[in-house]
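A short worksheet on the structure shown next.
The values are calculated or read from the model by the stated rules, or taken from the named source; none is laboratory data. It should be emphasised that the depicted structure is a prediction, and the values quoted were computed from it without experimental measurement. Don't worry about glycine lacking a Cβ; one is built from the backbone with ideal geometry, like all the others, and counts go over all protein chains shown. Ligands, DNA and RNA are stripped out before the accessible areas are found, and what is left, the full protein with its side chains, is counted by its heavy atoms. Shrake-Rupley method; radii C 1.70, N 1.55, O 1.52, S 1.80 Å.
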Amino acid sequence: MIRKLLVVFVTIFTVTTYAQKGGDSPYSFYGIGSLKFKGTVENRSMGSLSIYTDSIHINLRNPASFSGPNLTTFDNENRPVKYTIGGSYSSTNLESNTTEAQATTATFDYFALAFPVGKFGVGIGILPFTSVGYRLETENDNGEPESRFSGDGGLNKAFLGFAYSFTDGLQIGVNGQYNFGNIEASAISFGFDSNGVPLVAQSREESRSDLSGVTVDFGVSYKRMVTKSLELVTAATYTPQSNLTSKNQRALATVLLNQNTGQEIPRDESDVNLDAQGLRETDLTLPTKFSFGAGIGQPRKWFVGAEYEFQNTSTFSNPFFQTPATTYENASRFSVGGFYIPRYNAFSSFYKRVVYRAGFRMEQTGLNIQTESIDEFGISFGVGIPVGKFGSNANIGFEIGQRGTTNNNLVEENFINLQLSLSLNDKWFQKRKFD
C-alpha cells in the first residue's frame, strides 16, 4: 500500500509541475479565462451531466461521490480505491465577419484519487480550472496592424474532499480547494509616421496577476429504488461566494519589432506605480453557484437524467483587467444525458460490457460583450471500455459545439473536442480472514 501511495504522490507532483498551453479562445481574454474543467470524460460524454454516481468512477463535480455503499465483490466490507486521470485534444475554427483561423490544443485535464475509510470517503486531486490563451490583432482601414493583444496562464485547483454515507442511498460531501495560478497579458499599440509607415519603435504594456485563494464545494447524492427495476437518482451541489487575492504588476516599454520573426526587443522599460492606483493587490469575487438534477434508470443497465446549474456571475469583477463594453450577467447550464450498458456481467462478450454515453448541453457563459451574450452549445458521445479488474475502464469522449457569435464584429468558435481518461480501481484495504 505504501508503494502505491508513493506512486500516486509522485504522479500528482509530476502533473503539477508540467507546463502547458491550456487555451485557444479569444474569449479567454476576459475575466480569469475560459472555464477549462467541465467534468470528467464520463460527465462530458453525457452533456456534462454530473448527477450520476457509482462505485467505480470518481465524479469530480460532486464530492458526495467519494463515498458510497460497500460492494458484494468486496464481501460487503469495503469499496475500491479509485484513480482517474484525463486529458483532451481540441480543434477550433475561429470565424469573424472578415476572417477565419484554426487553433488546436492538447491538455491535461485532471488527476484524482478517492479511497474509502469505513462509511467515509476521501478524495484528493488537482485540475486546471480556467485557461488563458489568445493572440488578437486589430487593423486600421489600410490593413495595417493597429493593436496586438496576447495572453497566457490560468487558474488551477488542488482539492481535498470528504464524504459520508448515511445510508446506501444517501451521501453528502465537501471539498476544500486551494486555487492558484497566474495570468499574463501583453498589449502593443502601433504608431505610424505622417506617411502611414509603421514606426520602428512601438509602445507595449505588460501585466501579470498572481492569483490564490481558498474555496469550498458541498454536494449531496440520493438514490432510491422506486420499483423492482427502476432507480431514482437525484443530486445537488452548492458553492458559496468566495474571494481570490490577486497580486498585480504592470510595466510599460518601448519595443523594437523584428518584422520577420515578430520578436519584441524591449527598450526603456519602467514599472507602473500600482500602489498609487490601489491596484497592487486586489480581490476577485468568485460568485455563488448551485446545481440540481434528477434522473431514472435501471442499475448497471441504463440511465437518463437532466441537470440545471446557475451561477451568480453578475457579481464577478476583476478590477485589474477591466475592459470597456464588457459586462457580466448570470450564467446557467442545462444538460440532458445518459448511458446504456448491453450487459455489464457478460464476461464472455467484451462489447456487451462497453458503456455507451450521449448527451447535450446549452450554456449561458455569463459574458456579455457589446450587448451580445456569449452562449455555448455542445452535443457529446462517448464509450467506456473495460480494461481490468474491479470495473476499471478507459473512457473516450467526443463533443462538437459552438461558442460565441459573429454579431458586432465578435468571433464564433466551432469546436471539436476529443477527451480520454483512465478510471482505475484497486483493493488496498482488506480484512484478514485468519490470524
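Scanning segment 117-126 for residues that are open to solvent by 10 Å² or more (accessible area, probe 1.4 Å) and in a strand (DSSP E or B), we see that the one that is farthest from Thr365 (Cα to Cα) is Val117.
Among the residues of segment 132-153, those that are open to solvent by 10 Å² or more (accessible area, probe 1.4 Å), of a type outside the set (Asp, Glu) and either touching a residue at least 60 places away in the same chain (Cβ under 8 Å) or closer than 18 Å to Asp217 by Cα (or both) comprise Tyr134, Leu136, Phe149, Gly151, Gly153.
All of (1) touching a residue at least 24 places away in the same chain (Cβ under 8 Å); (2) open to solvent by less than 20 Å² (accessible area, probe 1.4 Å) hold for Phe334 with one exception: (2). Every test in (1) touching an Asp or Glu at 6+ places or on another chain (Cβ under 9 Å); (2) farther than 20 Å from Arg61 by Cβ is passed by Asn273 save one, and that test is (1).
Considered as a group, the residues in segment 210-234 that are under 20 Å from the mean Cα position of the chain (by Cα) and aliphatic (A, V, I, L, M) include one that is farthest from Thr53 (Cα to Cα), and that residue is Leu211. Contact map, segment 315-329: first residue farther than 17 Å from Leu155 by Cα, second residue open to solvent by 40 Å² or more (accessible area, probe 1.4 Å) and outside any loop (DSSP other than H, G, I, E, B), Cβ cut-off under 6 Å, separation 6 or more or different chains; pairs are Tyr328/Ser314; Glu329/Ser314.
For segment 61-79, a tally of residues being closer than 13 Å to Gly121 by Cβ and at pLDDT 85 or above returns 6. Scanning segment 337-357 for residues that are open to solvent by less than 40 Å² (accessible area, probe 1.4 Å) and assigned to a strand (DSSP E or B) yields Gly337, Gly338, Phe339, Val355, Arg357. Filtering segment 90-116 to residues that are in contact with a Leu (Cβ under 6 Å, 6 or more places away or on another chain) and open to solvent by 10 Å² or more (accessible area, probe 1.4 Å) leaves only Ala101.
Scanning segment 334-385 for residues that are within 21 Å of the chain's Cα centre (by Cα), charged (D, E, K, R) and under 30 Å from Asn318 (Cα atoms) yields Arg361, Glu363, Asp375, Glu376. Of the residues that make up segment 199-208, is at least one over 20 Å from Leu35 (Cα atoms), in contact with a Gly (Cβ under 9 Å, 6 or more places away or on another chain), touching a residue at least 24 places away in the same chain (Cβ under 8 Å) and not in a strand (DSSP E or B)? No, because not a single residue in segment 199-208 is over 20 Å from Leu35 (Cα atoms), in contact with a Gly (Cβ under 9 Å, 6 or more places away or on another chain), touching a residue at least 24 places away in the same chain (Cβ under 8 Å) and not in a strand (DSSP E or B).
Filter segment 276-301 down to the residues that are within 30 Å of Ile56 (Cβ to Cβ) and of a type in the set (A, V, I, L, M), then identify the one that is surrounded by the fewest Cβ atoms within 10 Å (Cβ to Cβ). Once the filter is applied, the top-ranked residue is Ala294.
Considering Val272, Val304, the condition of being surrounded by 12 or more Cβ atoms within 10 Å (Cβ to Cβ) and at pLDDT 95 or above is satisfied by Val304 alone.
Lys301 meets all of the listed conditions (1) out of contact with any strand residue (DSSP E or B) (no Cβ under 7 Å at 6 or more places or on another chain); (2) farther than 30 Å from Asn345 by Cα; (3) of a type outside the set (A, V, I, L, M, F, W, C) but one, namely (2). Those residues that are at positive phi and either at pLDDT 90 or above or not in a loop (DSSP other than H, G, I, E, B) (or both), I need them from segment 29-57; list them, please. Answer for segment 29-57, where residues must be at positive phi and either at pLDDT 90 or above or not in a loop (DSSP other than H, G, I, E, B) (or both): Gly39, Gly47, Ser48. Can you find a residue in segment 181-194 that is surrounded by 20 or more Cβ atoms within 10 Å (Cβ to Cβ), over 30 Å from Met225 (Cβ atoms) and not β-branched (Val, Ile, Thr)? Within segment 181-194, one or more residues are surrounded by 20 or more Cβ atoms within 10 Å (Cβ to Cβ), over 30 Å from Met225 (Cβ atoms) and not β-branched (Val, Ile, Thr). For Lys157, the test of being among the charged types (D, E, K, R) and open to solvent by less than 30 Å² (accessible area, probe 1.4 Å) is passed. Checking each residue of segment 413-424 against the condition of being open to solvent by less than 40 Å² (accessible area, probe 1.4 Å) and either free of Cβ contacts under 8 Å to residues at least 60 places away in the same chain or out of contact with any Ser or Thr (no Cβ under 7 Å at 6 or more places or on another chain) (or both) gives no match.
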